[in-house]
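Novice: The structure under discussion is supplied below as structure tokens; questions concerning it will follow.
Throughout, read-outs are computed from the coordinates displayed, never taken from laboratory work. Note that the structure is predicted; figures quoted are calculated from it, not measured. No Cβ is skipped: glycine too gets one built from the backbone with ideal geometry, and neighbour counts run over all protein chains shown.
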Amino acid sequence: MYVALLKRPIVLTHANATLHPSGQAEPSRADEFLTQTLKSALALVDIRLIDHFVVAGDQCVSFAERGLL
């Protein structure tokens, strides 16, 4: 494997549907816990979690913009 390939940024995407009964994109405590758990796990392999979005209908909340990362 070429060292140059190892230095390239890696983008991981994962789509996950979460039911928000209110229909609002406001992150739940479970969303926050999952995000922090994922962030910690990724840090173990030197991968930085850049953002997590919660989408409900036409609303979208960014964890990074809220300072939750």
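Novice: Given points 7 Å out from each Cα along the Cα-Cβ axis, report the ASP51 to SER28 separation in nanometres with one decimal.
Specialist: 2.3
Novice: May I pose another question? Can you compute the FRET efficiency between ARG66 and LEU42 using 1/(1 + (r/R0)^6), with r the Cβ-Cβ distance and R0 = 22 Å? Round to the nearest 0.05.
Specialist: 0.70
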